[in-house]
Amino acid sequence: MKPAILALMIVLAAALAACAQGQSQPRAAAPSPPAVTVAKPVGKMLADQDEYVGRFVAVESVEVRARVSGYLDIIHFRDGQIVRKGDLLFTIDRRPFEIALAQAQAALEQARANLAFAERDLARAEGLGIGTVITQQSFDQRTQAKRSAQASVAAQEAAVRQAALDLGFTELRAPVTGRVGDRRVSVGNLVTGGTAGTTTLLATIESIDPIRFEFTLDEASYVRYARLYQDSADAADRGLAMPVKLKLIDESAFSHEGHIDFVDNAVDRGFGTVRARAVVANRGGIFMPGMFARVQVAATPPKVALLVPDAAIGAEQARKFVLVVDEENVARPRYIKLGPVVEGLRVVTGDLKPDDNVIVNGLVKARAGAKVTPQRASTAAPAAAGVQTSAN
């Protein structure tokens, strides 16, 4: 037999043996449905919120100015410290005012001595016969001298009070509790006092706790809030004494609570807005006048909302969906709309129902219309008591 034919026969025999061996092996088993974690959506009472931007303002803001002129003698505070109402801040040189008070007191004593003499002189005249021992004119002169002495005493008493008041004005005390700014005048400078606009500004004080937050809302929102809260308050606040929540620019949650205490009495004709103001506790002193923040105001009555983890949400072009496992362990899509995040869970609306078993883990392994192997789990910790909020 030729070598070429022999080689061909060997190759054919090997191929036939391989085919026979392949036919004898069993087929590979079909893959089992992927394992996924399912849980029911969390239901919470939520109230939709409107958000606005505003800034903090002090409840009390005071400019410390002198009431009397003189040279600044002592400064009793450190720049930027907290001062209490009545704390001594500045002292103006007291010596000229002490001298003025002593002079006024001396003039008062002189006026009182003149009054005593006039009273005794009149008393002697009253014991004499008018027209025989003393003339009517002399009697009238002594009466007039007494009244003039009384008026002089009253004038000097007022001068003493004024001098004492001026002496007291040399000590400038904090009229409110708050944080004092930096000193505007150094010791040794002449301070101009009085009530005119040329008085010297020495320092400013801004109250800290509580603090106000001012913002503006549009006319439509004002009407909506007024209708929402009109049954819960009297006519004085027009139903707008409602709670609010705030957050600073570096915070992720609205954790500071307050309430609206003022809404303006007119709508701005140029912008169609209404000025509003809230009061917020500031025990830690983190809020400062002029600081910006965001405020939440309840826009709707509380209602039950469904929440799921963000990991349970898929995207199909422009639409969002979650996969729900039915009674036959088949994944079915439910198309939803996304809301805000509340305590780590996403508020969703749409076709989702409270009893649906949502795939919260393993979404990438599941396909719509295919079977899965579900395992039960909880989506989140139990909701805290009370009404939660969500921002529009």
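Here are a few things to note about the model shown:
- Of residues in the range 70-81 being loosely packed, with under 15 Cβ neighbours inside 10 Å and either over 15 Å from ALA174 (Cβ atoms) or touching a residue at least 24 places away in the same chain (Cβ under 8 Å) (or both), the one farthest from the chain's Cα centre (by Cα): TYR71
- Some residue of the range 38-47 being surrounded by 15 or more Cβ atoms within 10 Å (Cβ to Cβ) and either of a type in the set (Ser, Thr, Tyr) or within 16 Å of THR204 (Cα to Cα) (or both): no
- Check on LEU72, part of a strand (DSSP E or B), over 30 Å from GLY284 (Cβ atoms) and touching a strand residue (DSSP E or B) at 6+ places or on another chain (Cβ under 8 Å): yes
Okay, residues lined up against (1) part of a loop (DSSP other than H, G, I, E, B); (2) buried (at least 17 other Cβ atoms within 10 Å of the Cβ); (3) modelled with pLDDT of 90 or more:
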residue: ARG346; (1), (2), (3): no, yes, no
residue: LEU352; (1), (2), (3): yes, yes, no
residue: ARG367; (1), (2), (3): yes, no, no
residue: GLN375; (1), (2), (3): no, no, no
residue: ALA383; (1), (2), (3): yes, no, no
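- Residue check for ASN282: in a loop (DSSP other than H, G, I, E, B), open to solvent by less than 30 Å² (accessible area, probe 1.4 Å) and either in contact (Cβ under 8 Å) with a residue 12 or more places away in the chain or farther than 24 Å from ARG376 by Cα (or both): yes
- Verdict on GLN103 being out of contact with any Gly (no Cβ under 6 Å at 6 or more places or on another chain), assigned to a helix (DSSP H, G or I), open to solvent by 80 Å² or more (accessible area, probe 1.4 Å) and free of Cβ contacts under 8 Å to residues at least 40 places away in the same chain: no
- Of all the numbered requirements in (1) assigned to a strand (DSSP E or B); (2) closer than 23 Å to LEU228 by Cα, LEU323 misses one, and that requirement is (2).
- Pair list, Cβ under 9 Å, 6 or more apart: the range 258-272 residue open to solvent by 70 Å² or more (accessible area, probe 1.4 Å), other residue part of a strand (DSSP E or B): HIS259/PRO243; HIS259/VAL244; HIS259/ALA278; HIS259/VAL279; HIS259/VAL280; PHE271/THR216; PHE271/ASP218
- Tally of residues being of a type in the set (Val, Ile, Thr), assigned to a helix (DSSP H, G or I) and open to solvent by 70 Å² or more (accessible area, probe 1.4 Å) across the range 118-170: 0
The values are calculated or read from the model by the stated rules, or taken from the named source; none is laboratory data. Treat the numbers as computed from the prediction; the structure is a model and nothing was measured. Cβ: placed from backbone, ideal geometry, glycine included. Neighbour counts: every protein chain shown. To get the accessible areas, we keep the full protein, side chains included, count just its heavy atoms, and leave off ligands, DNA and RNA. Shrake-Rupley method; radii C 1.70, N 1.55, O 1.52, S 1.80 Å.
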